[in-house]
Amino acid sequence: MAEQKPALVLHLVSGGDPLVFTLRPDDVSELRKQLHLHLEHGSVEAVHTAEGRTVNVNFTHVAAAYIDDLQRQGKVFGLH
């Protein structure tokens, strides 16, 4: 089985291609639990990337956000 590469995928209200940030595996569980709250409240949150960077995301400008595995083959939105 291939190693998972979790990523935060953000679709902005303004449209365009989604923004994709690889995540530290240890942060995925907590971010997954809190993601809906960030979207509901339009908060600004620090997201730590797998490359050791911190990205401050203003969720007011995010239309949709989810965590995906970049290693998954045959991606079809909504299907596993």
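Counting GluC sites (Glu not before Pro) as exposed when in a DSSP loop with at most 10 other beta carbons within 10 Å, what is the longest stretch of the chain free of them? Kindly include the intermediate steps, with their values, before the conclusion.
Numbers: sites that count: E3, E51.
Excluding the exposed sites themselves, the longest stretch runs over 4-50.
Could you give the accessible area per residue of the chain, probe 1.4 Å, as a whole number in Å²?
Values: 5680 Å² over 80 residues.
So the chain comes to 71 Å² accessible per residue, rounded to a whole number.
With unit charges on the beta carbons (Lys and Arg positive, Asp and Glu negative) and the dipole taken about the Cα centre of the chain, which residue among V9, Q71, Q34 sits farthest to the positive side?
Highest projection toward the positive end goes to Q71.
Using the Kirkwood formula over every pair of different C-alpha atoms, what hydrodynamic radius in Å results for the chain? List each step's numbers first, then the result.
Numbers: mean 1/r = 0.0758 Å⁻¹.
Averaging 1/r across every pair of different Cα atoms and inverting gives 13.2 Å.
Tell me the angle of helix 25-41 to the major Cα principal axis of the chain, expressed in degrees between 0 and 90 and rounded to the nearest ten.
Value to nearest ten degrees: 30.
Return the calculated 222 nm mean residue ellipticity for the chain, to the nearest 500 deg cm²/dmol, obtained by summing -39500 (n - 2.57) across DSSP H runs with n ≥ 4 and dividing by the residue count.
Numbers: 1 runs with 17 residues, N = 80.
Taking each H run of at least 4 residues, the total per residue is -7000 deg cm²/dmol.
Keeping the other protein chains in place, figure out the carbon and sulfur percent of the accessible area of the chain, with a 1.4 Å probe. Show your work: numbers first, answer last.
Values: 2990 of 5680 Å².
After summing per-atom areas, the C and S share lands at 53 percent.
The values are calculated or read from the model by the stated rules, or taken from the named source; none is laboratory data. Please read all numbers here as calculations on a predicted model, not as lab measurements. Neighbour counts are summed over all protein chains in view; Cβ atoms, including those assigned to glycine, are modelled from backbone coordinates with ideal geometry. The area values use the complete protein model at the heavy-atom level, side chains included, leaving out ligands, DNA and RNA. Shrake-Rupley method; radii C 1.70, N 1.55, O 1.52, S 1.80 Å.
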